[in-house]
Amino acid sequence: MADIRFEVAGIGNAIVDVIAEAGDGFLAENGIAKGGMTLIDEARANALYAAMPPAIEVSGGSCGNTIAGVAALGGRGAYFGKVRNDQLGEVFTHDIRSLGVSFETAQATEGPATARCLILVTPDAQRSMSTYLGACAGLGPDDIDEDVIAASAITYMEGYLWDPEGAKQAFLKAAAAAHRAGRKVSLSLSDSFCVDRHRDDFLRLVRDEVDILFANESEILSLYQTQDFDEALALARKDCSWAALTRSEAGSMIIADGEVHKVAAVRPERLLDTTGAGDLYAAGVLYGIAKGFDPVTSGKLGSLAASEAISHFGPRPQTSLKTLAETAGLL
């Protein structure tokens, strides 16, 4: 068996977050739905990008945020995601590598431009997002390095990536490589609308391929087509060796080897932006599992990381999660 070089290898949509402050007038002038997320094409993305005020550009995407959280806890992370060889592709590559994350996926040399999420933050703290998926949808099985997967304690994938056929094959290749190496495979359901589109596939994955499942309350209810959380919990307990089910301020429920553990949420001093809370929660839990911590400690790491994420604007940690965890006695 290969030595473990990485706590977590993530497979996800490689998206550059472009974040700028703007007034309601800018939203109205550019036809942007306030507080929502709209999928846009490349022409619209280029026009809006050119019109935006000065912005911060950082590597993003749900799985990318999780891997950044693993790094902030002191973990070693690897990431697979597709960008184009363009300006934003270079931004994504430099940014994620600057966190200490291994990112070696070959850039596309033709086809759609690098994906981006253009985020306008208005004075009332609402985030209005226009997302162009672009090159990230081109990830395929040839982009998966099986040696990296075999050297990772856990391979983690975001459910959003299940739409393109090539990405499905990439995940199945990675899952097979992980299990051949005796490693764990993890999946985030990502969004209840995503679950609605792929319920049968996700149920098969959960039962046959996935060792660690992440879902929020609406996603797990959608997966099992019930309105009763306790019923969904019981079904997940039957299907999953590990599952982490989040319920916002009510904390989370962790299933581990048939046992159910309740973990309280950590309340921040101030709540500014819930974006990325689930991504950072997953980072804490994955890091804990990879390090062999017990389920409750792993859940507490997740709650702590999520609390840090919602205490400021943006989904990435702005302080050392490792230091916070050490102060809390979790590391």
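Overview of results
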item	result
A71 being part of a loop (DSSP other than H, G, I, E, B) and free of Cβ contacts under 8 Å to residues at least 40 places away in the same chain	no
Enumeration of residues in segment 200-241 that are aromatic (F, W, Y) and in contact with a Lys or Arg (Cβ under 8 Å, 6 or more places away or on another chain)	F229
Any pair with Cβ under 7 angstrom, 6 or more apart, that starts in segment 209-232 at a residue that is farther than 28 Å from Q169 by Cβ and without any contact (Cβ under 8 Å) to a residue 40 or more places away in the chain and ends at one that is among the β-branched types (V, I, T) and surrounded by fewer than 22 Cβ atoms within 10 Å (Cβ to Cβ)	A232/T226
Segment 289-315 - residue that is among the hydrophobic types (A, V, I, L, M, F, W, C) and in a loop (DSSP other than H, G, I, E, B) and, of those, nearest to G75 (Cα to Cα)	F293
Breaking point among (1) touching a residue at least 40 places away in the same chain (Cβ under 8 Å); (2) part of a loop (DSSP other than H, G, I, E, B); (3) in contact with a strand residue (DSSP E or B) (Cβ under 6 Å, 6 or more places away or on another chain); (4) over 22 Å from S59 (Cα atoms), for S190	(4)
Matching residues in segment 308-323 - criterion: being at pLDDT 95 or above and surrounded by fewer than 24 Cβ atoms within 10 Å (Cβ to Cβ)	K322, T323
The listed residue being over 18 Å from the mean Cα position of the chain (by Cα) and either hydroxyl-bearing (S, T, Y) or at pLDDT below 95 (or both), out of S222, S298	S222
Matching residues in segment 80-111 - criterion: being under 24 Å from D142 (Cβ atoms), surrounded by fewer than 19 Cβ atoms within 10 Å (Cβ to Cβ) and more than 18 Å from the chain's Cα centre (by Cα)	N85, D86, E90, H94, E104, A106, Q107, T109, E110, G111
Qualifying residues in segment 228-246 (those that are among the charged types (D, E, K, R) and out of contact with any strand residue (DSSP E or B) (no Cβ under 7 Å at 6 or more places or on another chain)) - the one nearest to K262 (Cα to Cα)	D230
Selected residue (criterion: nearest to G36 (Cα to Cα)) from residues of segment 263-295 that are at pLDDT below 95 and basic (K, R)	R270
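The values are calculated or read from the model by the stated rules, or taken from the named source; none is laboratory data. Just so we're clear, the structure is a prediction, and the values are computed from it rather than from any experiment. No Cβ is skipped: glycine too gets one built from the backbone with ideal geometry, and neighbour counts run over all protein chains shown.
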